[in-house]
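Read-outs: derived from the displayed coordinates by stated rules, not from any lab. Bear in mind that the values here come from a model prediction, so they are computed numbers and not experimental data. With ideal geometry, Cβ positions are generated from the backbone for all residues, glycine too; neighbour counts draw on all protein chains shown.
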Amino acid sequence: MSLNSRQRARLRSLAHALRPALMIGQHGLTEAVIRAGDAALAAELIKVRFLDHREERAALAARLATALGAELVGLIGHVAIVYRRHHDPARRVIVLAD
């Protein structure tokens, strides 16, 4: 799924009130972080906070989104926003207009 700019803006506004669901520290992107992210994405939209890896944040955020089968909505400072639409239409919480 590819998001357009209006959808990204809506998701960023929804994510504003969220607390980070994942923290990526000195060990980087590990299997445990990917499993935790997969479980957290049941809520469809999560924030990921980077505690380290200043130069690698964008690459790590893109790799995380790819590993989770999700979209990277945005990366602002130490925080990335990741979205994955729920596979069951009846259980979707966030509805994006086309």
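Report, to the nearest 10°, how far helix 31-40 tilts away from the longest principal axis of the Cα atoms in the chain, using its own Cα long axis and a range of 0 to 90°.
30
If I model a spin label at ASP52 and LEU18 as a point 7 Å from the Cα along the Cα→Cβ vector, what separation in nanometres do I get?
2.5
Using the alpha-carbon atoms, what tilt in degrees (0 to 90, nearest 10) does helix 5-15 show relative to the longest principal axis of the chain?
Approximately 70 degrees, to the nearest 10.
With angles folded into 0 to 90 degrees, how steeply does helix 57-68 sit against the dominant principal axis of the chain? Use alpha carbons for both and round to 10.
Between the helix axis and the principal axis of the chain, the angle is about 50 degrees.
Got a sec? Which residues in the range 1-35 would a label at ILE94 touch, if it sits 7 Å along Cα→Cβ and we count backbone N under 16 Å?
Answer for this model: 1-22.
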